[in-house]
Amino acid sequence: MQQNIWDTVIAGGGPAGLSAALMLGRSRRRVLVVDAGSPRNRFAEHMHGVLGQEGAHPGALIARARGEVADYGVELRRGAVERVERAAREADGLRIATADGDVLRARTLIVATGLSDELPDIPGLAERWGTSVLHCPFCHGWEVRDRRLGVLATTPLALHQAELIRQLSDRVTVFTGLLGALDPGIARRLHARGVELEPEPVAEVLGTGSDVSAVRLRNGREVGVEAIFTAGAPRPHDGFLAPLGLERSETPFGSFLAVDPTGRTSEERIWAVGNAVNPGANVPMSIGAGAMTGAAAAGALAGWDFDAAVRQDVEQP
Ligand SMILES: Cc1cc2nc3c(=O)[nH]c(=O)nc-3n(C[C@H](O)[C@H](O)[C@H](O)COP(=O)(O)OP(=O)(O)OC[C@H]3O[C@@H](n4cnc5c(N)ncnc54)[C@H](O)[C@@H]3O)c2cc1C
C-alpha cells in the first residue's frame, strides 16, 4: 500500500469518531480525523449520564479525547468532508474530497459526522435549545425535576417520551397540536398518571433570556412551563456519500445509512457510527459504538494486509 494513503480517514471528531480513532491509533494505523467542529451538544453547558464525566462541559471531554488520540499518532484536522468516491482501481481504496479542496486517499472511511436537530418553527424555541428546551430526559431531566414541564410532541413517539418525563415531575403538560387527533387509548393512559393534554397548537415560547416561563397557544391562552422537552427531526450529516448509493434504512426517526452491528455499511471500506446512524445514541453510547467500529476497521485492515501478503507469496515464491 502506498505511503500517501491513510489507513483510515474518520469524518467527524465527536465522541464516536474519536473513540474509533483511539482503537485505530493504538493499532498503529495511519489515521486522520477531519472534523468540522460543531458537535450536536454544543448548545449545552453540562453533560449528564456520562459515567466518569458527570456534569462536565462537553468541550472538555472532546479536548481531552483529542489529546489522547494524538498521543498515539492520530492526526487531527479542522475541515469538512465534502465528497467520497471509489478510486478507479479497487486496490486504491477511496478518494475523499474536503471542503478546502484537498483530495485524501484512504483504505477505509469511518463516518462519524453526527446529525442536526431540525426543530419546529416556533418563535422562542430554537433560541433555548440545550438550556430550557431539552431533547432527552436522561441528559437533562434530573436538573428540572419537580418543575412544571411541557412536552412538545412532534411525532407520536413523543407520547412515549412523556411517560419518562412524568417520572421526573407530577406537573406535565403534553402539547399535541402538531399531531392531530389523538388515539383515545393513549390519551386515557396519559390521563391515568395525571399528565395533562393540550391539543391547541403552540404559537410561541415565552420567557426571559434562556429561561422558559410559558407557552402561548394559537388561541392566545398561556400555559406555564419551566422547561420543554421536544425532539427535532434528526437530519444525519451523510449527504457527501450520496453518489455512492449506499443502502439505507427507513426508520421511525427518518432515513439513515444501513449498517451492520459493527457499523459497516453496504460498501466494505466504509463504516458509519454514532448519531450519524443512531439518533438515540447519547455520549457514552456513541463512545461504545465508536470503539466497536474502530476495532472492526482495524480487523478489516489487518485481514487485508494478510491477504496481500499471501498473494505476494504466491506470485513470488
Ligand atoms: C442540546 C443537546 C444536549 C445534549 N446533552 C447530552 C448529555 O448531557 N449527555 C449525553 O450523553 N448526550 C447528550 N447529547 C447527545 C450528544 O450530543 C450525542 O450523543 C453525541 O454528540 C453524539 O456523538 P457523535 O460523535 O455521533 O456526533 P457529534 O458529537 O455531533 O460529532 C460529530 C462531529 O462531526 C462533525 N462533522 C459534521 N459533518 C462533517 C463533515 N462533513 N466532515 C467532517 N466533520 C463533520 C461535526 O461538526 C461534529 O464535530 C445532547 C444533545 C443535544 C442536542
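The values are calculated or read from the model by the stated rules, or taken from the named source; none is laboratory data. All of these numbers come straight from a predicted model, not from anything done at the bench. Glycine gets a Cβ as well: all are built from the backbone with ideal geometry, and neighbour counts include every protein chain shown.
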Check your understanding: Which of the strands (runs of 3 or more DSSP E) contained wholly in segment 50-98 include at least 2 residues that are under 28 Å from Asn4 (Cα atoms) and within 21 Å of the chain's Cα centre (by Cα)?
Key -> 75-78, 81-86
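Yes/no per residue for (1) among the aliphatic types (A, V, I, L, M); (2) away from the ligand (no atom under 12 Å from the Cβ); (3) in contact with a helix residue (DSSP H, G or I) (Cβ under 6 Å, 6 or more places away or on another chain):
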| position | (1), (2), (3) |
| --- | --- |
| Pro58 | no, no, yes |
| Ala65 | yes, no, yes |
| Asp71 | no, yes, no |
| Arg86 | no, yes, no |
| Ala91 | yes, yes, no |
| Asp100 | no, no, no |
| Arg105 | no, yes, no |
Point to revise | Pairs where the first residue, in segment 31-56, is outside the structural domain of Ser132 (by TED's automatic domain parsing) and more than 9 Å from the ligand (Cβ to nearest atom) and the second is of a type in the set (S, T, N, Q) and modelled with pLDDT of 95 or more, C-beta under 6 Å, 6+ apart | key: Val31/Thr8
Check your understanding: Do we find a residue being within 12 Å of the ligand (Cβ to nearest atom), assigned to a loop (DSSP other than H, G, I, E, B), of a type in the set (Ser, Thr, Tyr) and within 18 Å of the chain's Cα centre (by Cα) anywhere in segment 112-128?
Key -> yes
Practice item. Kindly list, by first and then second residue, each pair from a residue in segment 270-285 that is more than 7 Å from the ligand (Cβ to nearest atom) to a residue that is outside any loop (DSSP other than H, G, I, E, B) and among the basic types (Lys, Arg), limited to pairs with Cβ atoms under 8 Å and residues at least 6 apart or on different chains. Key: Ile270/Arg264; Trp271/Arg264
**Study point:** Tally of residues being in contact (Cβ under 8 Å) with a residue 12 or more places away in the chain and under 20 Å from Arg83 (Cβ atoms) across segment 232-254
**Key:** 10
Revision key, fill the gap. Note on Phe229: of the conditions (1) in contact (Cβ under 8 Å) with a residue 60 or more places away in the chain; (2) assigned to a helix (DSSP H, G or I); (3) aromatic (Phe, Trp, Tyr), unmet is (2)
Exercise for review: Can you confirm whether segment 173-191 contains a residue that is free of Cβ contacts under 8 Å to residues at least 60 places away in the same chain, surrounded by 14 or more Cβ atoms within 10 Å (Cβ to Cβ) and closer than 25 Å to Gly49 by Cα?
Suggested key: yes
Practice item. Could you tell me which of the residues Gly79, Gly25, Gly13 is surrounded by 23 or more Cβ atoms within 10 Å (Cβ to Cβ) and near the ligand (Cβ under 8 Å from one of its atoms)? Key: Gly13
Study note, to complete from the structure: Cβ pairs under 8 Å, 6+ apart or interchain, first in segment 118-137 and in contact (Cβ under 8 Å) with a residue 40 or more places away in the chain and under 19 Å from Arg235 (Cα atoms), second of a type in the set (D, E, K, R) and more than 13 Å from the ligand (Cβ to nearest atom), ordered by first then second residue, are Ile122/Glu204
Exercise for review: Taking the options Ile10, Ile96, Ile5, name whichever one is touching a helix residue (DSSP H, G or I) at 6+ places or on another chain (Cβ under 8 Å) and closer than 23 Å to Val277 by Cβ.
Suggested key: Ile10
Practice item. Pick out the one residue from Leu257, Leu206 that is in contact with an Asp or Glu (Cβ under 8 Å, 6 or more places away or on another chain), modelled with pLDDT of 95 or more, surrounded by 15 or more Cβ atoms within 10 Å (Cβ to Cβ) and under 26 Å from Arg128 (Cα atoms). Key: Leu206
Study note, to complete from the structure: Of (1) at pLDDT 95 or above; (2) under 22 Å from Ser27 (Cβ atoms); (3) out of contact with any Gly (no Cβ under 7 Å at 6 or more places or on another chain), Ala308 satisfies every one except (1)
Review point. Restricted to segment 259-296, and to residues that are among the β-branched types (Val, Ile, Thr) and assigned to a loop (DSSP other than H, G, I, E, B), which residue is nearest to Pro137 (Cα to Cα)?
Key: Val277
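Matching residues to (1) over 30 Å from Ile270 (Cα atoms); (2) more than 16 Å from the ligand (Cβ to nearest atom):
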{"position": "Val202", "(1), (2)": "yes, yes"}
{"position": "Gly209", "(1), (2)": "yes, yes"}
{"position": "Arg216", "(1), (2)": "yes, yes"}
{"position": "Gly220", "(1), (2)": "yes, yes"}
{"position": "Val225", "(1), (2)": "yes, yes"}
{"position": "Phe229", "(1), (2)": "yes, no"}
{"position": "His237", "(1), (2)": "no, no"}
{"position": "Phe240", "(1), (2)": "no, no"}
{"position": "Leu244", "(1), (2)": "no, no"}
